[in-house]
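Data block below; observations after.
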Amino acid sequence: MQAKILVINGPNLNTLGTREPDIYGNTTLAEIEAGIRSVLGEEQIEAEFYQSNHEGDLIDKLQSAGAQSDLVIVNAGALTHYGIALYDALKAAGLPVIEVHMSNIYAREPFRSQSLLSPLAVGGIFGFGPSSYYLAARAAIDYLGRTKDR
């Protein structure tokens, strides 16, 4: 059976490529998704992508698509720091989570250094721009391979 990864992106990530390019670069979310598909495609792993600026929509997606997924890669944007309902939905999904941030959240404003989602994650990757996503995809491949062998 083919593995499937759900990639969730939160508020404002739809503006990648134009939003604060000094922090996030010029790569669009569509370009990042294509890069992730390329990385995962090497291992015949399917990816489903979802972005919303609304926490409830992200939760609905987790509840509807999570059951068909083997792992979640999540960049919750600002919801990382205060999205308790998103935290609860990720926890309830019971799936392994890899947390991703393009910027180094620990080198920015103090409020960004607290992630509510990190305690749920099997790991996190941050600070490498778009490469954070590609590294997360490779980590997901490794993680799924290790858990399949158990």
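The values are calculated or read from the model by the stated rules, or taken from the named source; none is laboratory data. The model shown is predicted, which means the values in this text are computed figures rather than measured ones. So basically every Cβ, Gly included, is an ideal-geometry build from the backbone, and we count neighbours across all protein chains shown.
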Quiz item: For the range 41-81, what are the residues that are over 12 Å from the mean Cα position of the chain (by Cα), of a type in the set (Gly, Ala, Ser) and under 30 Å from PRO110 (Cα atoms)?
Solution: SER52, GLY56, ALA78
Quiz prompt | Failed condition for SER115, given (1) surrounded by 14 or more Cβ atoms within 10 Å (Cβ to Cβ); (2) among the polar types (S, T, N, Q); (3) part of a helix (DSSP H, G or I) | solution = (3)
Quiz item: Does ALA34 satisfy being under 26 Å from GLN114 (Cα atoms), aliphatic (A, V, I, L, M) and modelled with pLDDT of 95 or more?
Solution: no
Quiz item: Conditions: (1) in contact with a helix residue (DSSP H, G or I) (Cβ under 9 Å, 6 or more places away or on another chain); (2) of a type outside the set (S, T, N, Q); (3) at pLDDT below 95; (4) surrounded by fewer than 15 Cβ atoms within 10 Å (Cβ to Cβ). MET1 meets all but one. Number of the miss?
Solution: (1)
Self-check item: Residue satisfying condition, being polar (S, T, N, Q), touching a His at 6+ places or on another chain (Cβ under 9 Å) and free of Cβ contacts under 8 Å to residues at least 60 places away in the same chain, within set SER131, SER115
Solution: SER115
Quiz item: Do we have LEU95 as in a loop (DSSP other than H, G, I, E, B), modelled with pLDDT of 95 or more and among the hydrophobic types (A, V, I, L, M, F, W, C) here?
Solution: yes
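Residue by residue, here is whether (1) without any contact (Cβ under 8 Å) to a residue 24 or more places away in the chain; (2) among the charged types (D, E, K, R); (3) buried (at least 18 other Cβ atoms within 10 Å of the Cβ); (4) out of contact with any strand residue (DSSP E or B) (no Cβ under 7 Å at 6 or more places or on another chain) holds:
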residue	(1), (2), (3), (4)
GLY35	no, no, no, yes
TYR50	no, no, no, no
VAL74	no, no, yes, no
GLY83	no, no, yes, yes
ALA107	yes, no, no, yes
Practice problem: Having 2 or more residues that are over 17 Å from PHE126 (Cβ atoms) is the bar; report the strands (runs of 3 or more DSSP E) wholly within the range 1-84 that clear it. | Solution: 4-9, 46-51
Quiz item: Say we look at the range 98-112 and pick out the residues that are more than 18 Å from PRO11 (Cβ to Cβ) and within 17 Å of the chain's Cα centre (by Cα); which of these is modelled with the lowest pLDDT?
Solution: ASN104
Quiz item: What is the residue count in the range 118-135 for residues that are out of contact with any helix residue (DSSP H, G or I) (no Cβ under 8 Å at 6 or more places or on another chain) and in a helix (DSSP H, G or I)?
Solution: 5
